[in-house]
Each structure stands twice: as C-alpha cells, then as structure tokens.
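Below: one structure, written as structure tokens.
The values are calculated or read from the model by the stated rules, or taken from the named source; none is laboratory data. Computed from a predicted model, the values in this text were never measured in an experiment. Backbone-built Cβ (ideal geometry, glycine too); neighbour counts: all protein chains shown. For the accessible areas, the whole protein counts, side chains as well, though only heavy atoms, and no ligand, DNA or RNA atoms are used. Shrake-Rupley method; radii C 1.70, N 1.55, O 1.52, S 1.80 Å.
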Amino acid sequence: MSGTTRAEYCVIACAEAWRGAGEILASPMGVIPSAGARLARLTFSPDLLLTDGEALIVRPDGTTEGWLPYRQHLELVTGGRRHVMMGASQIDRFGNQNISCVGDWAKPVRQLLGVRGAPVNTLNNPTSYWIPRHSRRVFVAKVDMVCGVGYDRAAGARYHRIPRVVSDLGVFDFATPDRSMRLASLHPGVSVEEVREATAFDLAVADDVPYTREPTAQELRLIREVVDPGDARAREVPA
C-alpha cells in the first residue's frame with residue numbers, strides 16, 4: 001500500500017488511547033478519533049463498546065449491537081468505565097481544557113460551545129483530547145475558562161485521568177513528576193522545534209523523542225477500506 005499520510009498517523013495515535021481498555025464505553029468526538037476507536041475495536045481492543053451517540057451500542061460498521069439506556073450510560077460515565085476523546089479550543093500544560101469562550105468569561109471576545117459535559121467527563125472518567133490544528137492559540141499558557149479539569153485542579157477525583165493529547169504534530173501525555181504535559185511522540189516529518197514553536201508553554205521533552213508508530217499493513221487496509229473509505233480523515237488533517 002502507498003505511504004502513510006499524516007491523517008493516518010493521527011488515526012493510529014487516537015486508536016492507541018483505547019489499547020487494552022477492556023469492556024468500556026468509547027466516546028470519540030471528531031472524524032479521526034471516531035476512526036481510531038473503530039480501528040481499535042477491529043484490532044487490539046475487541047471488547048470496546050461503541051455507541052451511535054444516542055441510545056444504541058453499535059458495531060464498527062454502524063449496525064446495532066445492543067441498547068444502552070440513559071441510566072446505564074450515566075453509570076458508565078460517572079463510574080470510570082468510559083474513555084472520551086474530546087476536542088479543545090484551548091488546553092494548558094496541566095491539561096485544563098476550554099471549549100466555552102475566548103477572553104474574559106464575563107464579556108468574552110468569542111462565545112464557543114459552552115462548558116457542556118466537560119467537568120463531569122474529566123472528573124469521572126478518563127478523558128483524552130484531539131486537536132487537529134496544533135497552534136499557540138490552542139496550546140496556551142493559561143486557558144481563559146476551565147471546562148475540562150486538569151491535573152493541577154483534580155486532587156481527590158477518583159477517576160480523573162488524561163491518558164493522551166493527540167494533535168496533527170504529535171502525541172502528548174502527562175508522565176512527568178508534576179503532571180505537566182510531555183511530548184511523547186512526533187508524527188513522522190515533524191520536528192521538536194516545530195512543536196515547540198507551535199506551543200505557548202514549555203513542554204517536557206526527552207533527549208530522544210520517538211516517532212508515532214507505523215500502522216501495520218492490516219491497519220492501513222482497515223483505515224482505507226473499512227473504517228474511512230471516503231477519506232474524511234484527509235479533510236480533518238490534510239496531507
């Protein structure tokens with residue numbers, strides 16, 4: 001098969017968020033996270049539960065597999081048995097996320113989605129983030145409003161965990177002594193300097209940062225022929 005695209009590396013990086021997750025609910029938001037969750041289910045996380053976003057458990061092809069009543073959905077959400085991958089209009093070095101507004105919340109420059117379920121998500125189940133355009137406008141020194149709760153604000157929250165942040169430049173985690181953001185891997189073709197230039201705070205960076213892993217031939221086939229045959233991923237992360 002032809003060479004792997006940046007979007008396909010992003011699909012792989014998102015899929016890895018659910019590796020070894022067992023029978024939990026995956027709630028991906030966005031084209032590439034959704035492709036990643038379906039790929040994980042088809043390969044290394046066969047017990048993963050996927051939903052239609054309403055009340056059904058579905059297979060990777062979208063056909064119905066079961067029913068998920070709202071009360072049971074809430075039990076999963078508040079009991080640590082869901083892993084959601086959300087977007088972020090802003091995110092800081094400790095993983096605090098903003099999707100509500102830009103500027104002072106009392107008189108914002110721009111109104112966004114609102115807080116929505118971000119506090120419940122981040123305090124009650126693992127939450128990762130997908131950011132298709134890595135820039136200083138998103139990776140900020142301080143978020144204008146905290147919606148998703150970061151490591152510096154989550155003391156005592158039983159199920160709080162931010163496994164990873166995936167952007168179009170690389171993968172990030174919080175595996176540092178102070179739980180600040182670390183560059184975990186670079187997508188092939190991206191440099192450490194490029195990531196630093198696009199980030200408005202100091203990242204923890206190892207001396208030798210690995211590249212995001214290559215997809216297997218089977219994974220590439222599944223991405224291109226089964227999970228996303230229409231190549232919607234390329235519209236989210238252009239080649």
Checklist outcome for this item: Here the Cα Rg-to-2.2 N^0.38 Å ratio for the range 52-120 is 1.45
Checklist entry - Heavy-atom accessible area per residue, the chain, 1.4 Å probe: how many Å²? => result 48
Next on the checklist: Let me check against my output: what whole-number percent is the relative contact order of the range 117-237, with C-alpha pairs under 8 Å and at least 6 apart?
Outcome noted: 24
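Relative to the present Cα-Cα distance, how much length would full extension add between E23 and L56 at 0.36 nm per residue of separation? Before the final figure, lay out the partial values.
On the way: separation 33, 0.36 × 33 = 11.88 nm, distance 1.55 nm.
Going from the current span to full extension adds 10.3 nm.
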Item to check | DSSP loop trypsin sites (Lys or Arg not before Pro) with at most 14 other Cβ within 10 Å: longest gap in the chain | outcome: 20-115
Next on the checklist: Out of all DSSP beta bridges in the chain, what portion is antiparallel? Express it as a percent rounded to 5.
Outcome noted: 50
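For the range 90-194, which whole percent of the accessible surface, found with a 1.4 angstrom probe, sits on carbon and sulfur atoms?
Details: 2520 of 4920 Å².
The value for the range 90-194 is 51 percent carbon and sulfur by accessible area.
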Checklist outcome for this item: Rounded to a whole number, the Stokes-Einstein D of the range 147-217 in µm²/s (Kirkwood radius over Cα pairs; 10 °C; 1.306 mPa s) is 118
Checklist entry - The list (1) 11.3; (2) 13.2; (3) 18.0 gives values of mean projected area of the Cα convex hull in nm², and only one came from this structure; which label was calculated from it? => result (2)
Checklist entry - For the range 94-236, taking Cα atoms only, what is the radius of gyration to one decimal and the Dmax to the nearest whole Å? => result 16.6, 51
